[in-house]
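Have a look at the structure below before the remarks.
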Amino acid sequence: MEYRLCFDTIPEQFDKWRIHYSPELFEHIIAKAGIGRGTKVLELGPGTGQATEPVLSTGCDYTAIELGENFAEMLRRKYGGRDNFSLINDDFITHDFGGAKFDFIYSAATIQWIPEDIAFSKTFELLNSGGMLAMMYLHGDYQTTDPALFADIQKVYDAYFKPPTNYKGGFVYDNAVNYGFTELETKNFKGRREYTADEYIQYIGTHSDHIMLEEPYRTPFFEGVYKAVMSHGGKVVYDDTYILKTVRKP
């Protein structure tokens with residue numbers, strides 16, 4: 001299975017456990033981009049809506065393009081009754097937008113699944129002059145909060161984390177400036193999360209390479225992580241950094 005399709009196999013678990021971004025981040029980006037009634041917005045791969053509500057609630061003319069069929073159905077159930085909500089259930093890479101233009105395009109940990117040249121050249125073409133592209137993602141740190149727990153969990157990864165194929169990252173957000181974008185800005189926002197052992201297993205089970213993990217490694221991996229968490233007080237605490245990168249089309 002293609003990595004970017006695996007999330008759609010667990011829509012309910014994904015919806016419950018994937019992180020939502022900080023209110024301060026949305027306050028900042030809504031003000032910076034001037035999002036409101038009359039603003040034409042495109043969200044890339046919203047999943048089940050982890051970053052949708054704050055933007056949709058501005059009253060903007062909102063469109064989502066979502067590859068997953070199960071995700072798309074959940075989005076319709078959540079937001080289909082909103083007059084300013086529309087959804088395209090298709091692949092951004094190949095979809096023909098038919099000349100549509102947007103004032104604001106954004107991605108919450110999604111754009112990196114698109115080849116860089118397509119991601120930046122296509123969003124650049126879709127934006128009106130002066131329009132903004134915003135890309136947000138998470139850096140979660142539990143090593144600093146509990147180094148001993150981190151070390152024990154890493155032992156489990158070393159022993160059992162052997163997905164059938166490795167996720168190949170390498171997307172460079174700052175390379176947007178190589179495709180005509182200007183005014184690159186990076187801002188960080190802080191957050192904190194805490195999970196019980198059971199909750200943590202559910203959460204990491206929503207990561208792409210963890211979804212793809214197969215037997216005979218899958219069971220001992222998740223059991224090993226659970227035991228490690230339980231042996232360190234039964235909780236995992238994250239210090240989070242929500243990273244927001246913005247660029248503008250001249």
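The values are calculated or read from the model by the stated rules, or taken from the named source; none is laboratory data. Just so it is clear, the structure is predicted and the values come from calculations on it, not from any experiment. Using ideal geometry, Cβ is built from the backbone for each residue, glycine included, and neighbour counts are taken over all protein chains shown. In case anyone asks, the SASA skips ligands and DNA or RNA and just uses the protein heavy atoms, side chains included. Shrake-Rupley method; radii C 1.70, N 1.55, O 1.52, S 1.80 Å.
Anything in segment 89-120 that is small (Gly, Ala, Ser) and open to solvent by 60 Å² or more (accessible area, probe 1.4 Å)? List them, or say none.
Within segment 89-120, Gly98, Gly99 meet the criteria.
Report the residue count in segment 60-88 for those that are open to solvent by 60 Å² or more (accessible area, probe 1.4 Å) and under 20 Å from Leu5 (Cβ atoms).
Result for segment 60-88: 4.
From the list Phe161, Phe150, which one is crowded, with 16+ Cβ neighbours inside 10 Å, in contact (Cβ under 8 Å) with a residue 12 or more places away in the chain and out of contact with any Cys (no Cβ under 6 Å at 6 or more places or on another chain)?
Among Phe161, Phe150, only Phe161 is crowded, with 16+ Cβ neighbours inside 10 Å, in contact (Cβ under 8 Å) with a residue 12 or more places away in the chain and out of contact with any Cys (no Cβ under 6 Å at 6 or more places or on another chain).
Considering only segment 1-54, state which residues are touching a Gly at 6+ places or on another chain (Cβ under 6 Å) and either closer than 21 Å to Gly191 by Cα or β-branched (Val, Ile, Thr) (or both).
Of everything in segment 1-54, just one residue is touching a Gly at 6+ places or on another chain (Cβ under 6 Å) and either closer than 21 Å to Gly191 by Cα or β-branched (Val, Ile, Thr) (or both), namely Ser22.
If I filter segment 160-175 for residues that are under 30 Å from Thr219 (Cβ atoms), in contact with a strand residue (DSSP E or B) (Cβ under 7 Å, 6 or more places away or on another chain) and of a type in the set (Asp, Glu), do I get at least one hit?
no
If you scan segment 67-86, which residues turn out to be under 18 Å from Arg37 (Cα atoms) and in contact with a Gly (Cβ under 8 Å, 6 or more places away or on another chain)?
Tyr79, Asn84
Which residue out of Gly130, Gly170 is in a loop (DSSP other than H, G, I, E, B), on the phi > 0 side of the Ramachandran plot and out of contact with any Leu (no Cβ under 7 Å at 6 or more places or on another chain)?
Gly170
Which condition number in (1) open to solvent by 50 Å² or more (accessible area, probe 1.4 Å); (2) farther than 22 Å from Leu126 by Cβ; (3) in contact (Cβ under 8 Å) with a residue 12 or more places away in the chain; (4) not acidic (Asp, Glu) is the one that Ser57 fails?
(3)
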